[in-house]
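The values are calculated or read from the model by the stated rules, or taken from the named source; none is laboratory data. Keep in mind it's a predicted model, so treat the numbers as computed, not measured. Here Cβ is always computed from backbone atoms with ideal geometry, including for glycine, and neighbour counts include all displayed protein chains. Remember, those area values only see protein heavy atoms, side chains included, never the ligands or the DNA or RNA. Shrake-Rupley method; radii C 1.70, N 1.55, O 1.52, S 1.80 Å.
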Amino acid sequence: MDVDTRLLRYFAAVAAEGNLTRAAARLYVSQPALTKQIRQLEGLLGVELFVRSRTGMALTPAGEALAGRVPGLLTEWDLALRQTRQAAGRAARVLRVGFLASAANEATPRIIAEFARRQPGWRVDMRQASWGDPTGGLADGEVDTALLRLPFPGQDRLRVRELFSEPRVVALASGHPLVERESIAFADLLDEPFVAAPAETGAWRDYWLGVDERADRTPRIGAVTDQPDEWLSAIANGYGIALAPESSARYYARPGITYRPVTGVAPSRVGVVWKAESDTDPVVRAFVECCIELCSGTG
């Protein structure tokens, strides 16, 4: 019998949390999707793994037996997968760098050029992730390091070096009444519908909805997108407004959208991120050092 490791990850999360809602947030998936996957695993194994109740999800004896084995199995598989990918990258002399949106802005090409100078024969493979994965592929081992917007879910489990910050602005349809203002207070945006990242991104989505500055006022969601083009279209079509880094006005300028400074929200921060196991990797360290040196004083 072949069982997808993804199903085992979902099982392990529910077993650890004892609650579907918390497990879904941890996995960045919706609760209905998680429920479906757990039922699929039970169907494949032919056993019931959980006893469901209003208070949560309790393991059955069969579930307890599986829960005792799955973490070690997944750890070994993750290690094997990372080592395989790293070996392939090292053989090809390729450093995989994940990023969201504009990465490190104008510093990005300078970082790549300096890395190539310091690591002759190596090249950087930049891999853009959807907003559905704020870790840029780093959490799943798809990349070796990443240039990310902070904060993001799971940040405390990774190495993070902040590089620079920049103000946040608000993106609006050009016909929106507020574009007449030179600057907009965030308090004046609280009742506006927002274009949001998927709910599964948790704290990252909340940050870009300005949840910390809302004083418990629940955001109105006008649209949900996980790609820049979809995000721009939703704003231009009037489905909602959105907070964005100041650099978006340069990298994502398009007809029908106007960017305005917004007051009353904290700035956006950019960091270079890597896993603890890469602390001794000279190639990853070289990239991190390039990021730190070339981003010093920016923002």
(request) Between beta-carbons, use under 15 Å as the cut-off and find the net charge around residue 67, counting Lys and Arg +1, Asp and Glu -1. (result) -2
(request) For 296, 247, 174, write out the residues from largest to smallest accessible area, computed with a 1.4 angstrom probe and no ligands counted. (result) 296, 174, 247
(request) May I ask you to evaluate 6.51 cos²θ - 1.76 cosθ + 1.60, the Karplus curve with θ = phi - 60°, for each residue of the range 146-156 and list the ³J(HN,Hα) values in order in whole Hz, giving x for glycine and proline? (result) 8, 10, 10, 8, 9, x, 9, x, x, 4, 5
(message) Net charge within 12 Å of residue 16 by Cβ-Cβ distance, Lys/Arg positive one each and Asp/Glu negative one each, not counting residue 16 itself?
(response) +2
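Using +1 on the beta carbon of Lys and Arg, -1 on that of Asp and Glu, and nothing else charged, what's the dipole of the range 131-257 about the Cα centre, debye to 20? Display every interim value, and only then the final one.
Working: 12 positive and 21 negative charges, 32 e Å.
Computed charge dipole of the range 131-257: roughly 160 debye.
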(message) Can you compute 3J(HN,Hα) from phi for each residue in the range 169-177, using the Karplus curve 6.51 cos²θ - 1.76 cosθ + 1.60 with θ = phi - 60°, rounded to whole Hz and x for Gly and Pro?
(response) 10, 10, 9, 10, 4, 4, x, 5, x
(message) Charges at C-beta only: +1 for Lys and Arg, -1 for Asp and Glu. How large is the resulting dipole of the chain about its Cα centre, in Debye rounded to 20?
(response) 420
(message) Tell me which of 218, 197, 167 sits at the most positive position along the dipole axis of the range 159-222, charges placed on C-beta atoms (Lys, Arg +1; Asp, Glu -1).
(response) 197
(request) Would you work out what percent of the accessible area of the range 22-173, with all protein chains in place, is carbon or sulfur (probe 1.4 Å)? (result) 53
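How much net charge surrounds residue 295 when only other residues with a Cβ under 12 Å from its Cβ are counted (Lys, Arg +1; Asp, Glu -1)? It would help to have the intermediate numbers written out before the result.
Details: positive: 110, 161, 269; negative: 106, 114, 162, 166, 289, 293.
Once positives and negatives cancel, what remains is -3.
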(message) Suppose all protein chains stay in the model; what accessible area per residue would a 1.4 Å probe give for the chain, in Å²?
(response) 49
(message) Can you list residues from other chains, or at least 5 along the same chain, whose modelled amide H is less than 5 Å from the amide H of residue 163?
(response) 270, 271, 272
(request) Counting helices only, and only those DSSP H runs with n ≥ 4, report the 222 nm mean residue ellipticity of the chain as the sum of -39,500 (n - 2.57) divided by its residues, in deg cm²/dmol to the nearest 500. (result) -12000 deg cm²/dmol
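Roughly how many debye, to the nearest 20, is the charge dipole of the range 195-299 about its Cα centre, given +1 on each Lys and Arg Cβ, -1 on each Asp and Glu Cβ, and no other charges? Walk me through the numbers before you get to the answer.
Details: 10 positive and 14 negative charges, 104 e Å.
My answer is approximately 500 debye.
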(request) Positive end of the charge dipole of the range 155-295 (Lys, Arg +1 and Asp, Glu -1 on Cβ, about the Cα centre): tell me which of 267, 286, 236 has its Cα farthest that way. (result) 236
(message) Per residue of the range 109-119, what does 6.51 cos²θ - 1.76 cosθ + 1.60 with θ = phi - 60° give for ³J(HN,Hα)? Whole Hz please, x for Gly and Pro, Karplus curve as stated.
(response) x, 5, 4, 5, 5, 5, 4, 4, 5, 7, 10
(request) Give the distance, in whole Å, between the Cα centre of the range 173-229 and the Cα centre of the range 101-140. (result) 27
(message) Sort 214-220, 124-130 by packing, meaning the average of other beta carbons within 10 Å per residue, with the highest value first.
(response) 124-130, 214-220
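First check a/c for the chain, with a ≥ b ≥ c the square roots of the eigenvalues of its C-alpha gyration tensor; if it is under 1.5, answer rounded, and if not, answer prolate when a/b is larger than b/c or oblate otherwise.
Values: a/c = 2.43, a/b = 1.21, b/c = 2.00.
Cα axes put the chain in the oblate bin.
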(message) I'd like to know which of 132, 247, 112 lies farthest towards the positive end of the charge dipole of the chain, counting +1 on Cβ of Lys and Arg and -1 on Cβ of Asp and Glu.
(response) 112
(message) Using a 7 Å offset from Cα along Cα-Cβ at residue 118, what residues in the range 147-179 end up with backbone N under 19 Å from the label point?
(response) 147-148, 159-164
